[in-house]
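Notes for the one structure printed next.
The values are calculated or read from the model by the stated rules, or taken from the named source; none is laboratory data. Remember, it's a predicted structure, so these values are computed and weren't measured experimentally. Glycine also receives a Cβ, built like all others from the backbone with ideal geometry; neighbour counts cover every protein chain displayed.
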Amino acid sequence: MNLPERLGDQRRIGVSIEIPAPFGAQLQEARRRAGDPLADLIPPHITILGPTVLDPDLMPAVDTHLAAVAASAEPFVVRLRGSGTFRPVSPVVFVQVAQGIAECESLESRVRSGPLAQDLRFNYHPHVTVAHEVPDDALDAAFEAMAGYEATFTVDAVSLFEHGDDSVWRPVHAFPLGTA
């Protein structure tokens, strides 16, 4: 995984939609089966804002920004269905977001503003990773195994995650949707 470098007391954060039970456990197990070494370090999620490094004094403004963005968005339904890949550009297999794409895109563009404004390396594409940077045969197997996967759930919050010194991504605060 390509992570931005952290200096001194900077924090590495991300903003995501957490995948609820039982689907999160199913998707994490799929990532383990693919042999992905990050399976136990990154909880299953739909990224809203990728890894971002910030000085700690910006965190109050980030919290205020995320609370306002979340409050202005209504809860919505996400349907995950089937597998996809970013190959040959990137060695990733994912479960596709089949419903809730527009809502994810709206959240992403609004989150990536103000104190979190930044340029993207790739166009935003909501998905749930199930294999990343594993051998081609493992990517093929993950793609095949997840081709028939389906899950539907309601998104009622976005979560701020922090990347710990132990390389684990942990949710540190959930911001409820629709509380304006």
* To do: Mind telling me which of the residues Pro20, Pro43 ends up being farther than 25 Å from Arg121 by Cα and in a loop (DSSP other than H, G, I, E, B)?
  => Pro20
* Can you tell me which residues in the stretch 133-163 are exposed (fewer than 13 other Cβ atoms within 10 Å of the Cβ) and assigned to a loop (DSSP other than H, G, I, E, B)? -> Pro135, Ala147, Gly148
* **Given (1) touching a Gly at 6+ places or on another chain (Cβ under 8 Å); (2) within 30 Å of Glu133 (Cα to Cα); (3) charged (D, E, K, R), index of the condition Glu74 fails** => (2)
* Identify, from the list Gln99, Gln118, the residue that is at pLDDT below 95 and not charged (D, E, K, R). => Gln118
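Results for (1) of a type in the set (Ser, Thr, Tyr); (2) within 23 Å of Ser109 (Cα to Cα); (3) modelled with pLDDT of 95 or more, shown as yes or no for each residue.
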site	(1), (2), (3)
Leu3	no, yes, no
Val15	no, yes, yes
Ala25	no, no, yes
Leu49	no, yes, yes
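Quick check on my filter: what residues within the stretch 96-117 are on the phi > 0 side of the Ramachandran plot and more than 15 Å from the chain's Cα centre (by Cα)?
At the first step, the residues of the stretch 96-117 found to be on the phi > 0 side of the Ramachandran plot are 100, 114.
If the condition is that a residue be on the phi > 0 side of the Ramachandran plot and more than 15 Å from the chain's Cα centre (by Cα), then Gly114 is the only one that fits.
Just for the stretch 33-54: of the residues that are out of contact with any helix residue (DSSP H, G or I) (no Cβ under 9 Å at 6 or more places or on another chain) and surrounded by fewer than 19 Cβ atoms within 10 Å (Cβ to Cβ), which one is farthest from Ala157 (Cα to Cα)?
At the first step, the residues of the stretch 33-54 found to be out of contact with any helix residue (DSSP H, G or I) (no Cβ under 9 Å at 6 or more places or on another chain) are 37, 41, 50-51, 53.
If we keep only those that are surrounded by fewer than 19 Cβ atoms within 10 Å (Cβ to Cβ) as well, we get 37, 41, 51, 53.
Details: Pro37: 28, Leu41: 21, Pro51: 19, Val53: 22 Å.
By that ranking, first place goes to Pro37.
More than 18 Å from the chain's Cα centre (by Cα), at pLDDT 95 or above and within 17 Å of Ser72 (Cα to Cα) - does that describe any residue in the stretch 137-145? Explain how you work it out, then say what you get.
Going residue by residue through the stretch 137-145, those that are more than 18 Å from the chain's Cα centre (by Cα) are 137-145.
From what's left, at pLDDT 95 or above: 137-145.
After this cut, where a residue has to be within 17 Å of Ser72 (Cα to Cα) as well, the list is none.
There is no residue in the stretch 137-145 that is more than 18 Å from the chain's Cα centre (by Cα), at pLDDT 95 or above and within 17 Å of Ser72 (Cα to Cα).
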* Single unsatisfied condition, Ser90 versus (1) modelled with pLDDT under 95; (2) within 27 Å of Val172 (Cα to Cα) -> (2)
* To do: Of the conditions (1) free of Cβ contacts under 8 Å to residues at least 60 places away in the same chain; (2) in contact with a Lys or Arg (Cβ under 8 Å, 6 or more places away or on another chain); (3) over 17 Å from Val172 (Cβ atoms), Pro56 clears all except one; give me its number.
  => (3)
* Asked: For the stretch 68-122, which residues satisfy the criterion of being part of a loop (DSSP other than H, G, I, E, B), surrounded by 14 or more Cβ atoms within 10 Å (Cβ to Cβ), touching a residue at least 60 places away in the same chain (Cβ under 8 Å) and touching a strand residue (DSSP E or B) at 6+ places or on another chain (Cβ under 9 Å)?
  -> Ala73, Arg112
